[in-house]
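Scroll down for the structure; my scribbles are underneath it.
The values are calculated or read from the model by the stated rules, or taken from the named source; none is laboratory data. Keep in mind the model is a prediction, meaning the values are calculated, not measured. Cβ coordinates were reconstructed from backbone atoms using ideal geometry, including for glycine residues, and neighbour counts include every protein chain displayed. The accessibility values were calculated without ligands, DNA or RNA, using every heavy atom of the protein model including side chains. Shrake-Rupley method; radii C 1.70, N 1.55, O 1.52, S 1.80 Å.
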Amino acid sequence: MKKFMSVLILFFCVLIPQLCSSQSRGMILGDILWEIVVPNNPGTTIQDKQIRSIKQIPDLNGDNVNEVAVATGNYWTICLNGINGNELWKFSTHFGSINTGSVEWEEAMTIADVNNDGIYDVVIGCAGGNEMVYALNGLNGSRLWSYGDSIITNDGDIEAISIRYDFNGDGIKDPLVSTSGVTNGGRHALICLNAVNGQEIFYRVQPEPFTDDVVATESGGAIGVNNNGAPYTVRGFNASGNTTWNYNAPGNTWSLKEIPDVSSDGIKDIVGLCGFTGAVFAITGNAGTQVWSQSLGSSNNGKITLLDDADGNGFIDISLSAPQVAYRLDSKTGNILWSNPLSSSYLRGIDNISDVTGDTIDDLVVATQVPARLLVLNGINGNILFEHFFGSTLNQRGDRAAVLNDIDTNGVNEFLGGNREGKVICFYGGNGTITSVNSGTEMPHKFALHQNYPNPFNPVTVISYQLAVNSFVKLIIYDALGKEVATLVNEKKSVEGRPRTYHVEFDARQVSRQGSGLASGVYFYRLEVEDLSTSSGQAFVETKRMILIK
């Protein structure tokens, strides 16, 4: 037995040196802090666990760390402890065969202190057969108030909620709500609600049958409307909800954001994102006059996120999910500061995670559809700093990305990713220094081995690794005793001039062990990389642990 333990310890310390020195290694960008899977909703057989929206909410339990609010396709709104992902409370919008529906849109969940008690609350708007707005107590998820008719099922989906300004003069910011109906019946209206009790401040029916995003501004606000096709309009309104201007938009308006003045008239302006051509525009906030317009190509539903001023011209920058390419744009001119195609289909989530590189420029976290990934991009040039691979199928697509304010008080924010199958993962934002990041056009010299996904797995998992230069690569699976059980890669790999990530599928059934594949247990995968661009030999070695459960 002693000999066996000696061999096992030797295996861990020789084959897996980072496990024996984890304390000296410390945490690095992208380490997983916690991970949850959305629970089943016992009220329904429809367990669509897609993450529809993720937002951080200021500290609720007194530990000085922000919490996380999540809206899902199986009718949950869940509040998670920001430190460990433990559930603080959950609220179901499945009330039976009539009054049932989930939050459908990312901006139909927002965070605000609606009763002015110093505790932030969660306000959601639903679709389907439950087209209501709910204000939920941030402390326990209890209903503070609700707005809508629980019997009528065609009142119009809640497309968006914006809580940024006080409309009734009581000193509390009030919700603006976009409700999208149908041609015959339904609300298709702009509604402003009293934040304290949910009563109507104003209700303005829109002539068009469908509404899109809504944003509150210092001039009143703006809402996107359409006729299930052209013409598409962004409609401005004053603090009473009365129309003040119309802008002929390039498409249905998926996202509207108020930005600092770019038109030099002394009034804050608006940027918008339209659908399927990826049209982005800036208009004046008080008149809807176009400042600039830009087309970014094929796109899906998405949102705009605001960034700092990377090019130093005195105006903030913007980025956005929806296109198939990541962009950073100047809000003054609409000019593209950088772009990165990411070798993916649509970007489905995005957020500003502030500076994780220590270069003083805001960086980005992005969720992509296929491959199903969560990425951190350098705000200076769009280079990939970190990649997490959710899986190999569309059903595992990355859906949402969000920021979580600094957990360990080191000055760098953490970040969150949510995917189609209901995973929410919190990642460490790093320590502000990433030696592999270079500005300009230089290529970061970086190798990485990522955690397999899923883990635990049965029987198939995907292992991802990143190369910065042409390399000879070995990727080998070992059992808990250090015996080699499979060689997945043993060949030269080319990166074609830029960092590249490879994905390798491992099927435990295909490893012959008495004809039944591998047994349940702990296994290890080891990446050995020889840099072929130099004569220095081995450049990178790392081993990670995975678990097979049958």
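In whole angstrom, note down how far apart the Cα centers of the range 377-423 and the range 294-343 are.
18
Which shape class applies to the range 328-384: rounded if a/c is under 1.5, otherwise prolate when a/b exceeds b/c and oblate if not, where a ≥ b ≥ c are the square roots of the Cα gyration tensor eigenvalues?
oblate
Kirkwood Rh over alpha-carbon pairs of the range 194-247, then Stokes-Einstein at 25 °C and 0.890 mPa s: what D in µm² s⁻¹, rounded to an integer?
For the chosen part, D equals 207 µm²/s.
What residues from the range 339-376 fall in the zone where the backbone N is under 14 Å from a label point 7 Å along the Cα-to-C-beta line of THR393?
Of the residues in the range 339-376, 372 have backbone N under 14 Å from the label point off THR393.
Using a 1.4 angstrom probe and counting only protein chains, how large is the accessible area of TRP245 in Å², to 10?
For TRP245, solvent-accessible area is about 20 Å².
Using a 1.4 Å probe on the protein heavy atoms, what percent of the accessible area of the range 268-362 belongs to carbon and sulfur?
48
Would you mind checking the pairs LYS55/LYS90; LYS49/LYS257; LYS268/LYS332; LYS55/LYS303; LYS423/LYS550; LYS55/LYS544 and listing those with alpha carbons more than 19 angstrom apart?
Exceeds cut-off: LYS49/LYS257; LYS423/LYS550; LYS55/LYS544.
Report, in debye and to the nearest 20, how large the dipole of the chain comes out about its Cα centre when Lys and Arg carry +1 and Asp and Glu carry -1 on their Cβ.
That gives a dipole near 2220 debye.
What percent do you get for the relative contact order of the range 301-380 when only Cα pairs under 8 Å and 6+ apart count?
It comes to 23 percent, rounded to a whole number.
Treating the angle as unsigned and between 0 and 90°, give the value, to the nearest 10°, between the Cα long axis of helix 2-15 and the longest Cα principal axis of the chain.
60
How big is the accessible area of THR360 in square angstrom, nearest 10, if you roll a 1.4 angstrom probe over the protein chains?
Rounded to the nearest 10, that gives 110 Å².
How much area per residue is accessible in the range 104-163 when the probe is 1.4 Å and only protein heavy atoms are counted (Å²)?
Per-residue accessible area for the range 104-163 comes out at 33 Å².
Counting each DSSP H run of 4 or more residues in the chain as -39500 (n - 2.57), what helix-only mean residue ellipticity at 222 nm follows after dividing by all residues, to the nearest 500 deg cm²/dmol?
-1000 deg cm²/dmol
Cα gyration tensor of the range 285-332, axes a ≥ b ≥ c as square roots of the eigenvalues: rounded (a/c below 1.5), prolate (a/b > b/c) or oblate?
oblate
Which whole-number percentage describes the relative contact order of the chain, with Cα contacts under 8 Å and a sequence gap of 6 or more?
9
Sort the range 128-174 into rounded, prolate or oblate with this rule: let a ≥ b ≥ c be the square roots of the eigenvalues of the Cα gyration tensor; rounded if a/c is under 1.5, and if a/c is not under 1.5, prolate when a/b is larger than b/c, oblate otherwise.
Since a/c reaches 1.5 but b/c is at least a/b, the shape of the range 128-174 is classed as oblate.
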